[in-house]
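Asks: Right, I'll just put the structure down here and ask away after.
Only the coordinates and a few stated rules stand behind these numbers; no lab work does. Bear in mind that the values here come from a model prediction, so they are computed numbers and not experimental data. Glycine also receives a Cβ, built like all others from the backbone with ideal geometry; neighbour counts cover every protein chain displayed.
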Amino acid sequence: MSTTRTADRTAPTKRSSIKWILMLGALAALPAITTDMYLPSLPAVAEDLKATQAAAQFTMSGMLIGAGVGQLVIGPFSDRFGRRLPLLIGISLHVVTSILCSITPDIDTLIGLRVCQGFFNAAAAVVSIAVIRDRFVGSDAARLLSRLMLVIGVAPLFAPTIGQAIAGAWHWRAVFYALAFIGLALVVIVWRFMPESLPQEQRRPGNPRRVAGSYLALFKDRHFMALAVIPGLGLAVIMSYVVGSPFVFQNEYGLSQGQFAAVFALNGAAIVGSAQLNAALVRRAAPIRVLRIAVIVQMVCALILLAIALTGFGGIVGLVAGLWLVLGTQGMIPANASVLALHNYGHMAGTAAAVIGSLQSGVAGIVSPFVGLLGGDSVAMVCVMLAAVSLTLLVLAAGTPAYRKGGWRERDGLEPGPTTTAEETEEREAEQVETQGPDQRS
């Protein structure tokens, strides 16, 4: 084994782990920041650009669709050229697109630019997950992903308030100048402080036939695809709430922008808190055990939320409480599903992470516009959220052996144990590659 590989794969100290969590968390949070800082301005954008509510909401959904396509392109690119180069290119183009969004003349142009912005932001999302898989597997990877949620969760807590303050002091267009500045700061961080996590000898040739073969191997794996789509359905739950909440709380319930930002932060805290609970739980239970229980609990909470929305029970307090319960279970779902999906694909982590990220953005981008199309009120928002939660339970039950007695092998269930680095599973993964067919190895 080479010296480079050993250096890259050695289990990090507590101090270096904190460094990676903060750095990868800041990168992974870029798409969320780009979404949430702009969120309170949606009604103002619709008014200023003379657009419908559904068109304004599509500036959010379009970004997710762009991210879905971008991750499919950037994932194999990162397996071929390493993790740093895609980050530097993608975030730099995010800066350019942000500036162009600030001077857009109409809603159609803004939608197109937001699709491009999502495409470029995909570099931060897919590479962050791939870097984690470069260094960790199993329950340790699940714990690290959960800790990342603490950093990513700062976006829902503070970004809407910051975005509202910027838009209130200047204009909604000024929010995009702030996003450009954040992008510049991340470029400096990657350039100065982020080492390459994928050694040269582990990079995969990026010719189209090989890339297509890699994707084909993943798409043929029913187990992987079922787990990979679950984070997308989870993001659909969140984004249905995100795109609908400004109109529900500000128009339907009459909250001010400041009050809306406070409510949004409260629900963001629920996601962050459950992610930290998940990090503690996977030290004692396999990620699959946590996942299958969390999905059922979320289904029950979603049904309660629907009853609240239909009856108006508790008014705005009842609605916020119901949303808090549904969103509060969300932090225990995507991290565990992603780790289980990636477990057997460390040899092409960038490509596998790209499929997960693409499905995450694409599914959420397709589902969330239904909130506006169904009327944009609280009942429409909750119905779309419930549909996504129901599909999550159906996919987990039908596409994996999660609810079958003895159906999940201990190895794939990722039972918790001593700290496990990616190096320790490298030999097993190499054996798996050798047993795959030519198409799968491509």
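Asks: For Arg173, what charge total do you get from the other residues with a beta carbon under 15 Å from its beta carbon, if Lys and Arg give +1 and Asp and Glu give -1?
Replies: Taking every other residue near Arg173 into account, the sum is -2.
Asks: Can you give the local net charge around Gly244? Use residues other than it whose beta-carbon is closer than 11 angstrom to its beta-carbon, Lys and Arg +1, Asp and Glu -1.
Replies: With Lys, Arg at +1 and Asp, Glu at -1, the net is -2.
Asks: Then there's this: Taking θ = phi - 60°, what integer Hz values does the Karplus form 6.51 cos²θ - 1.76 cosθ + 1.60 yield along region 371-377, in sequence order, with x for Gly and Pro?
Replies: The phi angles translate into 4, x, 5, 8, x, x, 8 Hz.
Asks: For Arg173, which sequence-distant residues (separation of 5 or more, or a different chain) have an amide H within less than 5 Å of its own amide H, given hydrogens modelled in the peptide plane?
Replies: So Arg173 has HN proximity to no qualifying residue.
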